[in-house]
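Since the structure comes first, as structure tokens, the remarks are kept for the end.
The values are calculated or read from the model by the stated rules, or taken from the named source; none is laboratory data. Predicted model, so just to flag it, every value in this text is computed and none were measured. All Cβ positions, even for glycine, are placed from backbone atoms using ideal geometry, and neighbour counts span all protein chains on display.
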Amino acid sequence: MDSIIVRGNGPLNGQIPIAGAKNACLALMPATLLSEEPLTLTNAPRLSDIRTMTELLASLGAEVAALQDGKVLASSSHGEINPVADYDIVRKMRASNLVLGPLLARLGHAVVSLPGGCAIGARPMDIHIDALEALGAQIELREGYLHAKTQGGLKGAVHEMRFASVGATENFLMAATLAKGTSVLKNAAREPEIVDLARCLRAMGAQIEGEGTSTIEIQGVDRLHGATHPVVTDRIELGTYMLAPAICGGEVECLGGRIELVESFCEKLDAAGIAVEETALGLKVKRRGDRIRAVDVVTEPFPGFPTDLQAQMMALLCTAEGTSVLEEKIFENRFMHAPELMRMGAKIEVHGGHATVQGVDKLRGARVMATDLRASVSLILAGLAAEGETVVSRVYHLDRGYERVEEKLRAVGAHIERVTGE
């Protein structure tokens with residue numbers, strides 16, 4: 001099993017290119033099931049989760065080819081489509097549930113295993129089920145599989161979600177594009193990944209209004225056609241690499257970054273004493289002083305502070321001047337990185353959904369273990385600022401969401417290497 005070794009060695013300087021968004025691409029890829037014509041995605045990230053979604057779509061009868069070193073995904077679902085998404089693939093990744101809406105819209109029936117993914121909370125499927133049932137689907141859970149069918153196809157409806165779930169919004173949005181009549185989704189998720197999906201579906205011929213707001217209206221059409229669509233910049237990778245110079249010092253320009261993708265995050269950086277400057281190429285980040293200030297953080301659905309940047313922000317606040325409080329309101333069990341940071345000398349107390357971080361002068365290198373995707377990169381960030389050597393094990397989580405992390409960090413002066421284990 002691979003490990004990553006990080007040695008703290010001072011400020012970082014240079015440029016880091018930011019990839020296309022993993023979470024956007026994982027929703028865009030199943031959209032190929034909605035049409036018999038080709039869908040081409042450019043600016044695709046090169047990640048293990050993308051390979052898992054490719055494997056899943058292939059098992060359903062779609063053809064997906066990675067071109068230009070994986071940055072372009074060319075897909076087609078012109079042949080016979082298999083309605084069964086098997087457990088052996090779906091268990092690997094939560095986003096596998098995003099084939100349910102497209103399969104129902106295309107075929108009128110589907111059998112999809114309950115999904116797997118990171119152990120950061122239950123993340124139940126009931127919000128997805130309620131949304132699709134509002135469109136006329138009949139869904140039963142039997143032996144770990146969701147058995148879904150329709151009577152004469154999906155039909156437009158008005159539905160209000162009890163929580164602004166990103167995945168349920170994506171499933172509803174894709175399913176409703178081919179439903180008969182008009183569909184309205186209230187309390188919809190507003191994330192940039194939702195906006196990106198809507199833009200792609202519109203390029204395929206869908207009639208959608210209101211993406212990026214809490215109410216989305218979809219007028220169903222008889223068919224969708226092919227399209228070429230660029231995947232939006234990954235705001236989580238962007239925020240992660242923005243924290244590298246914040247933690248270590250120096251100045252790093254994140255290529256392709258835009259303020260509107262990470263506005264609430266930038267507000268917290270500003271409060272902590274970190275300057276973010278828009279440039280012609282992206283966002284340039286540097287500290288204003290020698291030490292950052294403590295800030296309080298509450299994770300919320302977009303446009304609030306992203307839960308997927310909470311672990312990385314905690315790594316930053318471990319060496320802040322003062323005491324910070326982080327409140328996690330999206331997922332339970334998402335402070336599992338705290339004990340690992342404490343092995344490096346951090347002072348953290350966790351009580352339920354709250355973590356109190358008392359800043360220390362310096363972290364110390366240690367052997368630590370990644371517990372999930374975002375936790376893994378938070379430990380790498382902490383290691384960049386720590387005295388001595390940090391060894392991060394179980395980094396297979398990392399490869400699900402960050403492409404070539406060692407290469408990108410080495411390019412700005414980090415001492416980081418991957419060691420392949422047995």
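Of all residues in the stretch 395-422, those satisfying the criterion of being at pLDDT 90 or above and of a type outside the set (A, V, I, L, M) are TYR402, GLU403, ARG404, GLU406, GLU407, LYS408, ARG410, GLY413, HIS415, GLU417, ARG418.
For the stretch 175-187, the criterion of being hydroxyl-bearing (Ser, Thr, Tyr), crowded, with 24+ Cβ neighbours inside 10 Å and not in a loop (DSSP other than H, G, I, E, B) is met by at least one residue.
Restricting attention to the stretch 367-394, the residues being touching a Ser or Thr at 6+ places or on another chain (Cβ under 6 Å) and surrounded by fewer than 23 Cβ atoms within 10 Å (Cβ to Cβ) number 3.
Table: residues versus (1) of a type in the set (Ser, Thr, Tyr); (2) out of contact with any Ser or Thr (no Cβ under 8 Å at 6 or more places or on another chain); (3) in a loop (DSSP other than H, G, I, E, B).
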{"site": "THR52", "(1), (2), (3)": "yes, no, no"}
{"site": "LEU56", "(1), (2), (3)": "no, no, no"}
{"site": "VAL64", "(1), (2), (3)": "no, no, no"}
{"site": "GLY70", "(1), (2), (3)": "no, yes, yes"}
{"site": "ALA74", "(1), (2), (3)": "no, no, no"}
{"site": "HIS78", "(1), (2), (3)": "no, yes, yes"}
{"site": "ASP88", "(1), (2), (3)": "no, yes, no"}
{"site": "LYS92", "(1), (2), (3)": "no, no, yes"}
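Can we say LEU341 is touching a strand residue (DSSP E or B) at 6+ places or on another chain (Cβ under 7 Å), surrounded by 24 or more Cβ atoms within 10 Å (Cβ to Cβ), among the aliphatic types (A, V, I, L, M) and assigned by TED's automatic domain parsing to the domain that holds GLY14? Write out each step before concluding.
Values: touching a strand residue (DSSP E or B) at 6+ places or on another chain (Cβ under 7 Å): yes; surrounded by 24 or more Cβ atoms within 10 Å (Cβ to Cβ): yes; among the aliphatic types (A, V, I, L, M): yes; assigned by TED's automatic domain parsing to the domain that holds GLY14: yes.
Considered against the rule, which asks whether it is touching a strand residue (DSSP E or B) at 6+ places or on another chain (Cβ under 7 Å), surrounded by 24 or more Cβ atoms within 10 Å (Cβ to Cβ), among the aliphatic types (A, V, I, L, M) and assigned by TED's automatic domain parsing to the domain that holds GLY14, LEU341 comes out as yes.
When we screen PRO30, PRO45, PRO102 for residues that are buried (at least 20 other Cβ atoms within 10 Å of the Cβ) and not in a helix (DSSP H, G or I), the only hit is PRO45. Summed over the stretch 379-422, residues that are of a type in the set (A, V, I, L, M, F, W, C) and on the phi > 0 side of the Ramachandran plot total 0.
Residue-level check: of (1) farther than 22 Å from ALA272 by Cβ; (2) in contact (Cβ under 8 Å) with a residue 40 or more places away in the chain; (3) under 23 Å from the mean Cα position of the chain (by Cα), ARG334 misses just (1). Scanning the stretch 326-341 for any residue that is closer than 23 Å to ILE16 by Cβ, in contact with a Gly (Cβ under 9 Å, 6 or more places away or on another chain), at pLDDT 95 or above and not basic (Lys, Arg) turns up nothing.
Sort through GLY257, GLY304 and tell me the only one that's under 22 Å from the mean Cα position of the chain (by Cα) and buried (at least 20 other Cβ atoms within 10 Å of the Cβ).
Numbers: GLY304 fails: buried (at least 20 other Cβ atoms within 10 Å of the Cβ).
So the residue among GLY257, GLY304 that is under 22 Å from the mean Cα position of the chain (by Cα) and buried (at least 20 other Cβ atoms within 10 Å of the Cβ) is GLY257.
Of the candidates ASP361, ASP399, the single residue that is assigned to a helix (DSSP H, G or I), surrounded by fewer than 20 Cβ atoms within 10 Å (Cβ to Cβ) and touching a residue at least 12 places away in the same chain (Cβ under 8 Å) is ASP399. Checking each residue of the stretch 200-219 against the condition of being closer than 27 Å to PRO303 by Cβ, in contact with a Phe, Trp or Tyr (Cβ under 8 Å, 6 or more places away or on another chain), of a type outside the set (Val, Ile, Thr) and assigned by TED's automatic domain parsing to the domain that holds SER77 gives no match. Among residues of the stretch 311-326 that are more than 14 Å from LEU269 (Cβ to Cβ), those with a Cβ under 6 angstrom from a residue that is outside any helix (DSSP H, G or I) and basic (Lys, Arg), sequence gap 6+ or separate chain, pair up as GLU321/ARG291; GLU321/ARG293.
Check the stretch 195-202 and report whether any residue there is closer than 17 Å to ALA21 by Cβ and more than 19 Å from the chain's Cα centre (by Cα). Lay out the reasoning, then the answer.
Of the residues in the stretch 195-202, the ones closer than 17 Å to ALA21 by Cβ are 195-201.
Applying the additional criterion that residues be more than 19 Å from the chain's Cα centre (by Cα) yields 201.
For the stretch 195-202, residues closer than 17 Å to ALA21 by Cβ and more than 19 Å from the chain's Cα centre (by Cα): present.
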